[in-house]
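The values are calculated or read from the model by the stated rules, or taken from the named source; none is laboratory data. Since we're looking at a predicted model, the values are computed, not measured. Areas reflect the complete protein model, heavy atoms only, side chains present, ligands, DNA and RNA absent. Shrake-Rupley method; radii C 1.70, N 1.55, O 1.52, S 1.80 Å.
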Amino acid sequence: MARLRPTFTAFVTICVVAVHLVLLPALYFGVGYVIRTSHEDLFVQHARTFARVVAEEFEVGAALDSPAATSDLLDLAIIHGEGVFAELADGNHSVRSALGSPGVKSASRTDRGFGQGGDAIYFIDLPILHSGHNAELRLGFDERPTQQRIQLALNRMLMLLGAYLAVAMAAAYYLSHRLSRPLRRLQDVSRSIASGDYQQELQVSTGIRELHDLATDLDAMRRELVGVNARLELKIREKELAETRRDELQKQVRHRQRLETVGTLAGGIAHEFNNVLVPIILFTEAAMQDLPTDSVSHADLVRVLTSARRAKNIVQKILTFSHVLGDTALAPTDLRSVVNETVVLFSALAPPSIEIRTQIDDVVPLVRADATLAGDVIMNLCTNAYQAMKGSNGILTVGLRHSPPNLELWVSDTGHGMDQSTVERIFEPFFTTRSVGEGTGLGLSIVHGILESFGATITVETATRSGTTFRILFPTIADTTDEGPNRVSR
């Protein structure tokens, strides 16, 4: 079970009440003792003084000579002295005031203190010496009025202390409530910060220096934590970007290694295959010269020669693929002229159903490239775009623009597009979606290898039935850090 914890206001109020519940009874009994003692002392002093005055009157006056005068003086003591008993005893003769309380018995004693005897009467017995008389004055004073005054004073003090306790509780509640407002403000802001709102400021308006300093220190800690959190988030993002970049580089390295392996293997095979094709072509051409052009054998040799030359073309492409993965000589190149020349050449080969558009900036920076290979890249991409629109009308767009710090070249078409699985493999050697005999699957692999040798990157934007756009980013010469020879080893 969770421990019950009171609020700051309730805690302070309870503490104030507890302290007063300890102090007020002590104050009540202490002040009550002083009140009671002072009233009793005043009563005793008054009674003794009054009794002494009456005794002196009997001693110096003539009241003892007359019973009537004696009775009158005793009655005067009852009336003016708050007495309940007055008696003068002279030997065997005694005179008692008729104004006294009839139930009070004579007591020949002097009480030592207030309340002695438990009869609420304070007795005084004084000797009287006058003209041969040896008498005793016995007076009894009523203690009840003094007791009532004492009780009234105690009741009033109790009411006053009760009122004081109520005022103290109200003041404690009010002051603790005001003091707790800055704490509640800090609590609310702290909860907001804990929930993710780090822009909340831990500032409170208070005249208490400790609370103000606490809020200032907490806000400084918040700012420090916000800064640490921001730095951590930045480092996490940088780490994620670095890991992403590392994965991309590793992927590129693995792809490059695969290409180099395939290129080396394909180059060796192509050379051997080319050595076989050369004598086939030469002897076929020699045999054709010895036969009439209208003979059946001549027609067969024409077919053999066509197939051999087609095989030689394939071998040449393989050799080209192998070559671009090796060393490529680079030089400052104006891609604007390369694009224009290639588009003019391709326009002569493209069918009328294909509309060719260009979007070329008037001024573009130079890049490090090989003009011939760059033209092959553009021609290859245009050929692929044309084949994607084959059999239908379409638009082929070639663009070139400066997007600092790169020069962007793009080729887009309105063809049938590609799905994601195809996009993931288009740069693999010998991968093709065309029918057997219509493609070798080396075109985009060669494009990729050439662009890597340039230090350029190529991306694809495509969707099924939405066309395709190839975007190439060339680093410009102004942004190239290699100040050595224009040669990049791949």
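For the pair Val460 and Ser295, the difference between a 0.36 nm per residue extended length and the Cα-Cα distance amounts to 54.2 nm. Listed values for the stretch 47-62 are Karplus-derived 3J(HN,Hα) couplings in whole Hz (6.51 cos²θ - 1.76 cosθ + 1.60, θ = phi - 60°), namely 5, 5, 5, 5, 5, 5, 5, 5, 5, 5, 5, 5, 6, 9, x, 10, and x replaces Gly and Pro. Listed by chain and number, the lysines whose alpha-carbon sits under 24 Å from that of Lys390, ignoring those within fewer than 8 places in the same chain, are Lys317.
Largest accessible area first, the residues Asp362, Asp334 order themselves as Asp362, Asp334 under a 1.4 Å probe with ligands, DNA and RNA left out. Convex hull volume of the Cα atoms of the stretch 356-434, normalised per residue: 131 Å³. The alpha carbon centroids of the stretch 440-463 and the stretch 352-372 are separated by 16 Å.
Separation of the stretch 9-64 and the stretch 69-107, taken as the distance between their Cα centroids, equals 28 angstrom.
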